[in-house]
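Below: one structure, written as structure tokens.
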Amino acid sequence: MPERDEMMKAAVFMGPERMEVKEVPKPKCGEGEVLLEVKACAICGTDGRIYFHGQKNVVPPAILGHEIAGDIVEVGDGVEGYSPGDRVTVVTSIGCGHCGYCAKGLTNMCPDSKAIGYHYSGGFAEYMVVPAKGVRQNAVIKLPEGMPYEEAAMVEPLSCCINGQRYLNIAAGETVVVIGAGPIGSMHLMLAKTADAGKTIVVDIDDKRLKMVERFEPDRIVDGRDGSSVEKVMEETGGLGAEVVIVACGSHQAQMDALRMAAKMGRVSFFAGLPKDRPTITFDSNLLHYREISVFGAYASYRAQFVEALELISPAQGGAKIEAAKVITHRLPLERIVEGIVTTKKGEGLKSVIDFTGEYGT
């Protein structure tokens with residue numbers, strides 16, 4: 001039997017709707033690798049989808065979790081620039097390191113990209129290893145002084161929002177519509193405000209989410225349960241539509257509505273994907289043709305966007321521009337991870353963070 005200091009507690013995904021919190025061997029820190037003691041790991045909507053339905057890139061038994069903050073406790077041979085005690089977060093996408101996308105730093109677009117919490121064991125455990133390939137790509141990023149671990153765990157989802165909005169080029173005074181008032185929609189709303197959007201409108205069909213989004217102070221909240229969200233947005237914009245529409249929920253109807261809400265020369269982000277078994281929508285392509293609407297996708301993020309997210313969340317240099325703590329509604333121990341997943345799925349909270357420090361309560 002291994003000694004206790006060679007073991008750790010982890011939430012192990014065993015298959016759809018099967019998660020076991022148990023003692024497993026603590027990972028070893030090999031050459032070129034970095035070993036982290038995880039302090040906080042937030043639950044992503046993707047973690048929930050894997051828990052309920054599985055995912056082809058996640059082979060049970062597996063440790064999920066990619067929204068990570070922690071401390072370096074050991075560095076492997078050959079690692080430079082990091083030391084035990086460094087407070088860090090970790091870039092999710094790890095590329096091959098030699099393709100054209102990787103050369104540009106776009107590890108999320110690498111044809112052979114692998115991800116923490118999918119292909120590599122993630123942060124729903126007391127310890128995790130950052131593979132040597134990730135260390136070489138500078139995927140381990142030191143945290144600014146004074147940033148709480150739970151807020152650092154918000155860097156990954158915010159970096160994804162930054163990736164989505166980089167195509168949209170939101171200008172001061174423009175109207176921005178966010179469809180979906182969950183944690184990602186809320187982050188998109190806050191991010192749009194940092195770009196000095198003129199009017200922000202949030203659309204949702206869930207009464208709990210509609211209530212929670214009030215804390216982020218959008219200019220207008222639209223209840224779309226009666227099917228009139230397009231008409232309400234057009235009314236808010238004097239019949240012109242919105243310059244920017246971000247679809248932050250995996251809804252066929254929301255994607256179709258977004259095209260109808262967009263103004264001439266508007267930009268639309270299909271930020272959230274659709275179910276793999278129903279990936280298509282039907283829309284009037286003349287809307288794109290005559291209104292010159294641009295539609296963009298967005299997938300994950302890369303290192304430079306993690307750095308930008310850190311700068312927006314960091315309390316240093318005059319205060320945070322993004323109040324990450326406002327998105328966190330639940331702080332749970334590892335033993336309650338399934339509760340956190342279910343809470344998010346039901347829309348009863350925004351971000352749930354698995355807290356390994358015991359500092360934040362529930």
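None of the figures in this text is laboratory data; all of them are computed from the coordinates on show. Keep in mind that what you see is a predicted model, and the values were worked out from it rather than measured. With ideal geometry, Cβ positions are generated from the backbone for all residues, glycine too; neighbour counts draw on all protein chains shown.
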Ratio for the stretch 1-63, C-alpha Rg to 2.2 N^0.38 Å, reads 1.27
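Any idea what the alpha-carbon Rg over 2.2 N^0.38 Å comes to for the chain?
Compared with the compact-globule rule of thumb, the chain sits at 0.99.
I need to check one value: relative contact order of the stretch 168-297, counting alpha carbon pairs closer than 8 Å and at least 6 residues apart, in percent.
23
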Relative contact order of the chain (C-alpha contacts under 8 Å, at least 6 apart) in percent is 18
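If eta is 1.306 mPa s and T is 10 °C, what Stokes-Einstein diffusion coefficient results for the stretch 15-127, Kirkwood Rh from Cα pairs, in µm²/s?
Working: Rh = 15.2 Å.
It comes out at roughly 105 µm²/s.
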Note to self: C-alpha centroids of the stretch 59-124 and the stretch 227-288 sit apart, in Å, by 34
Expected sort for 285-294, 332-341, 242-251 on mean C-beta neighbours within 10 Å, highest first, is 242-251, 332-341, 285-294
Per the helix-only model, the chain has a calculated mean residue ellipticity at 222 nm (DSSP H runs of ≥4, -39500 (n - 2.57) each, divided over all residues, rounded to the nearest 500) of -7000 deg cm²/dmol
In nm, the gap between the two label points placed 7 Å beyond Cα toward Cβ at Lys211 and Met256 is 3.1
For the stretch 168-297, the Cα-Cα pair-distance distribution in 5 Å bins from 0, as whole percents, is 2, 12, 23, 26, 22, 11, 4, 1
Per its Cα gyration tensor (rounded if a/c is under 1.5, else prolate when a/b beats b/c, else oblate), the stretch 108-174 is best filed as oblate
Descending packing, highest mean Cβ count within 10 Å first, for 7-19, 109-121 is 109-121, 7-19
The FRET efficiency for Ala172 and Lys22, from their Cβ-Cβ distance with R0 = 51 Å and rounded to 0.05, is 0.45
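Only Cα pairs under 8 Å and at least 6 apart count here; give the relative contact order of the stretch 35-146 as a rounded whole percent.
32
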Most exposed to least, judged by fewest other Cβ atoms within 10 Å, Thr343, Thr329 sort to Thr329, Thr343
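So how do 170-178, 37-45, 218-226 stack up, highest first, on mean other-Cβ count within 10 Å? Don't jump to the answer; show the numbers that get you there.
Details: 170-178: 21.2, 37-45: 25.1, 218-226: 16.6.
Final packing ranking: 37-45, 170-178, 218-226.
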Here the FRET efficiency for Glu6 versus Glu348, based on Cβ atoms and R0 = 25 Å and rounded to 0.05, is 0.05
Cα-Cα longer than 21 Å, checked against Lys9/Lys39; Lys321/Lys351; Lys9/Lys346, kept in input order, equals Lys9/Lys346
Per the stretch 38-90, sqrt(5λ) over the Cα gyration tensor eigenvalues, sorted largest first, in Å, gives 28, 13, 8
